[in-house]
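Engineer: Structure incoming, see below.
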Amino acid sequence: MGKKSLETKIVTAGRSAKWTQSLVNPPVSRASTIVFESVKEMKQATANRKNKALFYGRRGTNTHFAFQDAMVELEGGVGCAVYPCGTAAITSAILSFVKAGDHILMVDGVYEPTRDFCDKILDKMGVETTYYDPMIGEGIRDLIKPNTTVLFLESPCSITMEVQDVPTLSRIAHEHDLVVMLDNTWASPINFQPFEHGVDISIQAATKYIVGHSDVMLGTAVANERCWEQLQENSYLLGQCTSADDIYLAMRGLRTLGVRLKQHEQNSLKVAQWLAEREEVDHVRHPAFESCEGHEFYKRDFKGCNGLFSVVLNRGNTEALTALLDGMEHFSMGYSWGGFESLILANENINSLRTVAKKDFAGPLLRLHIGLESADDLIADLERGFERLNAVLNK
Ligand SMILES: *Cc1c(COP(=O)(O)O)cnc(C)c1O
């Protein structure tokens, strides 16, 4: 067999005839009960229940197995657990590897609900969280305690977009036998290969680019040999499962992930370049730009970027930002991202979400998701937005 390039894998991954029954796409197999014709069959299914045998709905059907195979082929690792959303994937992965009295290291630029989970649920269970600066590098060594069990990364970070030195952090964590988890949502399964950079468990909010059409919530966690069995069994015990319909849509989204990301990338680079030259903009926080912390790690480790980035403005206030945002024609306001459509939101106080890596930004931050529209239309929309912003600021 020839070597498969990434583009080919995106098209072929998970399409074993065993799951698809020779259709191009796996049928939507909905199930709670699986019925057996004989005691022997039932015993066989029970013995193989952790290894993609039809057993009980919560363990998945052929639709799930096809998607799980595809994720492992694209991201690496040995097994993929699926969850009803990205947040469930994050919380279940962490819960699978901590007990009362343990300590975890959490990146300070983490997705806000992950932080809330640590502060409100882990804390209650007697698991302590230390937040670390995303750019800490070798310094992570000083934060590891005898009871530390998990190092959690998110690269690039949410909103502020710092790119982490994943290989260095993973290497040090492994010297102390920690489990390294990465929220790999920004890269999707194709722009960063987690297992080649030392990660043990790679998490995706499939809700974002995998589904790609803003209509399904889904999460995945892919694990290596070391962590798979524990992750799989703990997630199952936590009752984590998903509908075959949602998995079908994720699988359908996956087939166009490569071409969609290329277009998101091209559009976002064009819009970010234009923004970088605007006098209203202090700096661009896009991993592909030098002005983004960790840009050198982006260049070293990533295959490409996508539509999501932020910019920091020189000045602004709530009234001016409202004028900008309320008048947008092509950008909607929304908290999620990863669909085909462009989105924008403002953040006036990023430090309320940071413990150790506080920022001294010149002005408010805009986070943009650049969709598949014409970049020129989006730029024209932003230009009119800046006119509204300036009209208020110069009053
Ligand atoms: C959206 C997001 C999540 C959570 O995904 P849901 O499916 O909405 O729960 C987790 N991590 C990152 C980086 C995200 O952007």
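Engineer: Quick check on packing: order 383-395, 49-61 by the mean number of other C-beta atoms within 10 Å, highest mean leading.
Structural biologist: On the way: 383-395: 15.1, 49-61: 17.5.
Going by the mean number of other Cβ atoms within 10 Å, highest first, we get 49-61, 383-395.
Engineer: Would region 316-395 count as rounded, prolate or oblate if I go by the C-alpha gyration tensor, calling it rounded below 1.5 in a/c and otherwise prolate when a/b exceeds b/c, oblate otherwise? Before the final figure, lay out the partial values.
Structural biologist: Values: a/c = 2.40, a/b = 1.20, b/c = 2.00.
Because a/c hits 1.5 or more and a/b fails to exceed b/c, region 316-395 counts as oblate.
Engineer: Further question: Based on the Cβ-Cβ distance from residue 45 to residue 130, what FRET efficiency comes out when R0 is 41 Å, to the nearest 0.05?
Structural biologist: Details: r = 44 Å, r/R0 = 1.07.
Result of the calculation: an efficiency of 0.40.
Engineer: Continuing with the same structure: Any idea how far the Cα center of region 34-76 sits from the one of region 247-288, in Å?
Structural biologist: 37 Å
Engineer: Which one, 118, 257, 281, is farthest towards the positive end of the dipole of the chain when Lys and Arg carry +1 and Asp and Glu -1 on their Cβ?
Structural biologist: Farthest towards the positive end: 257.
Engineer: While we're on this one: Using the charge dipole of the chain (Lys, Arg: +1 at Cβ; Asp, Glu: -1 at Cβ; taken about the Cα centre), state which of 94, 144, 104 has its Cα farthest towards the positive end.
Structural biologist: It is 94.
Engineer: Starting from 0.36 nm per residue, how many nanometres of slack lie between residue 380 and residue 5 once their C-alpha separation is accounted for? Each step should come with its number before you reach the end.
Structural biologist: Values: separation 375, 0.36 × 375 = 135.00 nm, distance 3.71 nm.
Result: 131.3 nm gained on full extension.
Engineer: Label points 7 Å out from Cα along the Cβ direction at residue 168 and residue 23: separation in nm?
Structural biologist: 5.0 nm
Engineer: Based on Cβ point charges of +1 for Lys and Arg and -1 for Asp and Glu, what charge dipole magnitude is obtained for region 238-297 about its Cα centre, in debye rounded to the nearest 20? All intermediate terms of the calculation are to be shown ahead of the outcome.
Structural biologist: Working: 7 positive and 10 negative charges, 102 e Å.
For region 238-297, the charge dipole is close to 480 debye.
Engineer: Would you list, by chain and number, the lysines whose Cα falls below 27 Å from the Cα of residue 99, excluding same-chain residues fewer than 8 positions away?
Structural biologist: Counting by Cα, and skipping residues close in sequence, residue 99 has these lysines nearby: 50, 120, 124, 145.
Engineer: Given 3/303; 262/358; 208/299, which pairs have Cα atoms separated by over 25 Å?
Structural biologist: Working: 3/303 18 Å; 262/358 33 Å; 208/299 23 Å.
Distance filter (> 25 Å) returns 262/358.
Engineer: What is the chain's relative contact order, in percent, from Cα pairs under 8 angstrom and six or more apart in sequence? Before the final figure, lay out the partial values.
Structural biologist: On the way: 812 pairs, mean separation 65.3, N = 395.
Normalised by residue count, the contact order of the chain is 17 percent.
Engineer: To continue, here is another question. Quote the FRET efficiency, to the nearest 0.05, computed for residue 330 versus residue 262 with a Förster distance R0 of 25 Å and r equal to the Cβ-Cβ distance. Mind dumping the intermediate values first?
Structural biologist: On the way: r = 20 Å, r/R0 = 0.80.
Result of the calculation: an efficiency of 0.80.
Engineer: Taking the Cα centre of the chain as origin and charging only Cβ (+1 Lys, Arg; -1 Asp, Glu), how large is the dipole, in debye to the nearest 20?
Structural biologist: Working: 40 positive and 51 negative charges, 326 e Å.
Result for the chain is approximately 1560 debye, rounded to the nearest 20.
Engineer: Here is a follow-up. Quick one: grab the alpha carbon gyration tensor of region 257-393, order the square roots of its eigenvalues as a ≥ b ≥ c, and give me rounded if a/c is under 1.5, else prolate or oblate depending on whether a/b is larger than b/c. Working shown, then result.
Structural biologist: On the way: a/c = 1.70, a/b = 1.15, b/c = 1.48.
The shape class here is oblate.
Each value in this text was obtained by applying a stated rule to the coordinates, not by laboratory testing. It should be emphasised that the depicted structure is a prediction, and the values quoted were computed from it without experimental measurement. Cβ atoms come from the backbone with ideal geometry, glycine included; neighbour counts cover every protein chain shown.
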